[in-house]
1. Which whole-number percent is the relative contact order of chain A (Cα, under 8 Å, 6+ apart)?
2. May I ask you to work out the translational diffusion coefficient for the range B:3-264 at 37 °C, viscosity 0.692 mPa s, via Stokes-Einstein with Rh from the Kirkwood sum over Cα pairs, reported in whole µm²/s?
3. Relative to the longest principal Cα axis of chain A, at what angle does helix A:7-21 sit, 0 to 90 degrees, rounded to 10?
4. Using a Gaussian network model of chain A whose springs link C-alpha atoms within less than 10 Å, name the residue from A:N175, A:N143, A:N216 with the highest mean-square fluctuation.
5. My understanding is that a pair violates if its Cα-Cα distance is over 30 Å; which of B:K48/B:K195; B:K4/B:K57; A:K68/B:K229; A:K146/A:K315; B:K195/B:K258 do that in this structure?
6. Taking the Cβ of A:I284 as the center, what net charge do the other residues with Cβ under 14 Å away carry, scoring Lys and Arg +1 and Asp and Glu -1?
7. If you count, for every residue in A:44-53, the Cβ atoms of partner chains within 10 Å of its Cβ, what is the mean?
8. Which ³J(HN,Hα) values in Hz, rounded to whole numbers, follow from the phi angles of the range B:44-51 under the Karplus curve 6.51 cos²θ - 1.76 cosθ + 1.60, where θ = phi - 60° and Gly and Pro get x?
Amino acid sequence: MNPHIPCRKAFSEKLFELAKDDKSIIVLTTDARFSAAIDVFSYHLPNQFIDVGIAEQNAIGIAAGLSKMGRKPFVFMPACFLSARCIDQIKVDVIYSKSNVKLIGVSGGISYGPLGYTHHAVNDVAIMRTFPGMTIILPSDANQAKLVAEKLVEHTGPVYVRMGRGPVPPVYHENLRFEIGKANLLTEGDDVTIIGIGETTYYCLEAGKLLKKNSNINAEIIDMPTVKPLDEDLLFKEAKKTGRIVVVEEHSICGGLGSAIAEFLSQNFPTPMKILSLPDDFPIAGSSLQVFDYYGLTPEKISRSVVDFLSRFRK
Amino acid sequence: MDIKYLVRKSISIRMKVVEIIYKSRMGHIGGSLSETDILVALFYAVMKPDDKFILSKGHSVEAYYVILADKGLIPWEELEKYCHFGSRLIGHPSVDIPGIDVATGSLGHGLSIACGMALALKLDKKDNKVYVLMGDGELQEGSVWEAAMFASTHKLDNLVAIVDRNRLQIGGDTESIVKLEPLADRWASFGWEVKEMNGHDIEEIVNTLNSFTFNSKPHIAIARTIKGKGVSFIENNYRWHHGELDEEKYQKAVEELKRHLEAIG
């Protein structure tokens with residue numbers, strides 16, 4: 001049985017379990033307790049739950065203050081607001097003040113597809129990546145999201161986590177892995193490296209199957225949940241091995257994982273790259289699947305892009 | 001409470017403030033002189049060990065540095081390096097300085113952080129207090145009022161805010177830019193206990209701050225102050241918000257402060 005579960009639910013459930021024993025864990029939200037699936041804290045751990053109301057800047061400041069008193073605050077809000085509305089507080093109160101605050105962006109990317117650009121978080125990784133000392137994690141399935149929650153409770157320092165709204169199919173089964181700053185090789189291959197992040201990893205795996213079946217291309221598939229710090233060792237190794245890198249991400253072409261990888265490889269081991277992403281534009285309205293399909297991020301379209309890319313950059 | 005000692009302390013701090021601003025050729029002299037008596041009251045009479053303090057008006061950092069040096073948290077001679085290349089004593093507080101919990105300088109942040117600290121103290125059932133000093137111009141930031149609503153909702157009666165109400169911001173009179181009045185009524189309507197005080201009468205500051213009790217309301221003291229207090233040609237002139245002192249003006253300022261000190265005896 002591999003049910004499709006939203007990452008945010010799995011993450012919050014795990015955090016709730018951990019918070020029962022670790023009273024220093026405290027969750028904050030900005031009138032988003034249900035979206036973040038942390039309403040359970042309000043019923044059972046009311047001393048570890050604060051709803052700040054619709055006041056994102058205040059939420060971050062309060063979390064920073066709590067962290068300075070030894071608490072482990074996790075601030076949950078829609079990623080679109082978390083990555084924009086309170087960015088000065090994140091810069092000063094969290095990053096510059098070296099506060100141990102975990103920033104949990106829910107319904108990220110184009111999860112709120114039909115709601116429009118106000119509710120899209122498609123440049124959040126770009127924004128967060130520019131802060132020194134920030135760790136950025138996008139789990140690819142519910143099992144990994146649980147493991148991320150577990151690791152973050154033990155980790156000291158600011159972290160931004162982005163998760164989508166809808167249920168996602170499992171990427172990990174018995175081979176579940178997550179270490180901050182480490183990417184996971186999911187499928188071996190030597191023709192091309194395809195790197196997924198967050199919800200695109202599953203589509204990359206499916207695209208890999210299509211490439212093998214339809215074109216006899218052996219793609220290696222990598223799940224890269226941590227954008228920062230980047231797993232440079234693995235990138236270097238795989239770029240050397242396959243010589244061609246495709247990144248698939250639910251993010252604007254500006255400043256996401258693709259950019260991060262290009263910044264590293266272009267200076268250390270220049271490698272032909274293709275970044276399949278959302279455009280530098282207001283994304284079209286629609287369900288996640290519709291929007292992914294429109295921008296070529298579904299398995300069939302990823303595989304076609306890979307074939308085209310490989311034909312242009314032959315070994 | 002030895003008022004004479006505190007007043008003398010306050011004037012000597014002003015002298016050092018003027019000196020480091022003169023030597024670095026930069027700084028926020030108006031606000032630092034405006035807040036000095038409040039900081040002296042807090043650091044030498046009101047605050048208890050483990051109480052917390054946030055200088056939300058982070059630009060007025062010079063008086064704060066001098067006090068931290070006087071308390072032994074910064075080597076006294078390091079004050080000479082204020083705003084020098086590579087110095088940790090930069091123009092706004094940072095966590096690289098012992099005794100400073102959070103960086104400030106972007107206005108409107110301190111009260112939220114103080115709310116978080118006050119809440120943690122409540123949850124830990126500790127009776128320490130959190131003090132936060134804000135500028136009056138700073139109150140134009142909307143985030144201040146987010147925090148104000150939060151503090152009264154959560155009955156943070158261990159939180160004491162102080163406003164350095166010198167009525168001037170960079171561009172001039174606060175009331176001609178964006179009105180803050182009726183300031184006391186506004187805070188009261190947000191559920192705060194409000195008191196007003198003369199921000200240059202150290203005894204009155206101490207008594208006012210000590211009069212706040214655990215009565216289920218957050219507290220705010222609006223301190224009537226004079227920007228640039230203690231140096232007559234700087235006083236009440238918004239152009240001195242971050243004015244530079246040349247040799248002549250520096251000597252003039254020092255002489256005036258010396259006269260104040262002599263007058264106390």
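Just so it is clear, none of the values below were taken in a lab; they were calculated from the coordinates. Only a predicted model underlies this, so the values are computations on that prediction, with no experimental measurement involved. Using ideal geometry, Cβ is built from the backbone for each residue, glycine included, and neighbour counts are taken over all protein chains shown.
1. Numbers: 699 pairs, mean separation 54.2, N = 315.
After rounding, I find 17 percent.
2. Values: Rh = 18.3 Å.
D = 179 µm²/s.
3. The two axes meet at around 40 degrees.
4. A:N175
5. Numbers: B:K48/B:K195 21 Å; B:K4/B:K57 27 Å; A:K68/B:K229 33 Å; A:K146/A:K315 40 Å; B:K195/B:K258 32 Å.
Flagged as over cut-off: A:K68/B:K229; A:K146/A:K315; B:K195/B:K258.
6. Numbers: positive: none; negative: A:E250, A:D280, A:D281, A:D293.
Net local charge, A:I284 excluded: -4.
7. 2
8. 10, 9, 9, 6, 9, x, 6, 5
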